[in-house]
Amino acid sequence: MDLTRRILLGGGAAAAASLALAACGGGSEDPPVEEVDPSAFPEGSTMARLAEAGAITIGTKFDQPLFGQAGPDGDPVGFDVEIGKIIAGKLGIAPENIEWLETVSANREPFIEGGQVDLVVATYTINDTRKEVVDFAGPYYIAGQALMVAADNDTITGEDSIAGTKVCSVEGSTPAEYIATNHPDAELVTFDTYSKCVVELNNGQIDAVTTDNVILAGFVAADKENLKMAGDGATFTEEPYGIGLKKGDDDFRSFINDVLEESYADGTWAAAWESTAGTVLPTPEPPAVDRY
């Protein structure tokens with residue numbers, strides 16, 4: 001029985017579906033699914049519960065080209081999605097038994113705390129503020145904040161040239177917080193999804209979109225006639241992407257960190273990258289996990 005359900009919570013799903021589908025990946029073979037005896041995990045652990053159920057709910061974004069974007073059938077595709085499949089596979093859970101829940105920036109912590117998801121893989125930057133309410137495994141990738149502008153915009157070349165402009169980002173995201181804190185002379189405009197920012201940029205209602213460079217690269221790759229990276233894509237922050245899970249679930253966090261390190265060693269991490277974000281971006285070295 002196919003337990004996969006596609007749940008669209010935020011607006012912009014239709015707009016996201018029209019962006020960068022060719023660059024989203026999803027055409028590669030799925031990561032291996034192991035035969036798992038639930039009793040091999042500590043009794044009462046999250047791993048034992050999920051392995052016994054044979055199903056998992058993973059929060060991800062549905063409008064992020066290359067990382068997590070709804071495909072033509074509604075299922076999300078991208079690097080974050082593949083990371084989720086790798087973790088599920090180590091629990092004996094096949095891709096068709098993953099429930100993908102659209103999780104925008106503003107509801108990642110609430111979904112984890114409320115139990116709507118078992119974990120979140122959604123371009124989710126690890127920081128100390130978030131660690132107060134959720135835990136993180138990883139990081140599994142290091143991104144950096146950048147700016148995207150209209151292809152004919154030669155005025156904005158980096159963060160030092162956004163004074164007096166309208167800059168769009170997503171509510172509850174670290175890029176939005178960075179602009180609000182460090183550039184009060186720019187007007188920050190926020191939506192619940194980046195795809196809405198892209199629509200406003202194309203309509204001339206804002207001057208720039210800011211988020212992590214890899215997310216912007218996906219939008220640019222899909223529409224090079226109208227969009228470009230400002231300043232040749234120069235970044236001005238470091239954004240370690242982590243996997244969010246319930247606060248205090250140390251066994252589950254250790255398990256996911258083990259899975260990530262195994263994927264680095266056996267090539268499944270690289271294969272996941274190359275079939276998704278690697279269609280546009282070079283393959284980086286995987287980062288060391290932080291077992292804090």
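Here are a few things to note about the model shown:
- Selected residue (only one of 176, 122 is assigned to a helix (DSSP H, G or I), within 16 Å of residue 211 (Cβ to Cβ) and aliphatic (A, V, I, L, M)): 176
- Identity of the residue in segment 214-269, of a type in the set (Lys, Arg) and closer than 16 Å to residue 281 by Cα, that ends up surrounded by the fewest Cβ atoms within 10 Å (Cβ to Cβ): 224
- Some residue of segment 241-262 being assigned to a loop (DSSP other than H, G, I, E, B), farther than 22 Å from residue 104 by Cβ, of a type outside the set (Phe, Trp, Tyr) and at pLDDT below 95: no
- Among the residues examined, residue 219 qualifies as outside any strand (DSSP E or B), of a type outside the set (Asp, Glu), touching a Pro at 6+ places or on another chain (Cβ under 9 Å) and under 26 Å from residue 170 (Cβ atoms).
- Top-ranked residue in segment 46-67 [being in contact with a helix residue (DSSP H, G or I) (Cβ under 8 Å, 6 or more places away or on another chain) and small (Gly, Ala, Ser); ranked as surrounded by the fewest Cβ atoms within 10 Å (Cβ to Cβ)]: 54
- Within segment 102-140, considering residues that are among the charged types (D, E, K, R) and out of contact with any helix residue (DSSP H, G or I) (no Cβ under 9 Å at 6 or more places or on another chain), the one surrounded by the fewest Cβ atoms within 10 Å (Cβ to Cβ): 128
- Boolean, residue 234 is more than 18 Å from the chain's Cα centre (by Cα) and touching a residue at least 24 places away in the same chain (Cβ under 8 Å): yes
- Residue within segment 171-179 that is more than 18 Å from residue 234 (Cβ to Cβ) and either assigned by TED's automatic domain parsing to the domain that holds residue 55 or in contact with a Cys (Cβ under 8 Å, 6 or more places away or on another chain) (or both) present: no
- Scanning segment 75-101 for residues that are surrounded by 24 or more Cβ atoms within 10 Å (Cβ to Cβ) and charged (D, E, K, R) gives 80, 82.
- Subset of segment 188-215 (residues that are among the acidic types (Asp, Glu) and either free of Cβ contacts under 8 Å to residues at least 40 places away in the same chain or in a helix (DSSP H, G or I) (or both)): 200
- Options 142, 162: the member that is among the β-branched types (Val, Ile, Thr) and within 17 Å of the chain's Cα centre (by Cα): 142
- Within segment 263-277, the set of residues being outside any helix (DSSP H, G or I) and under 16 Å from the mean Cα position of the chain (by Cα) comprises 275, 276.
The values are calculated or read from the model by the stated rules, or taken from the named source; none is laboratory data. Remember, predicted model here, so these are calculated numbers, not experimental data. Every residue, glycine as well, gets a Cβ built from its backbone with ideal geometry; the counts of neighbours run over all protein chains shown.
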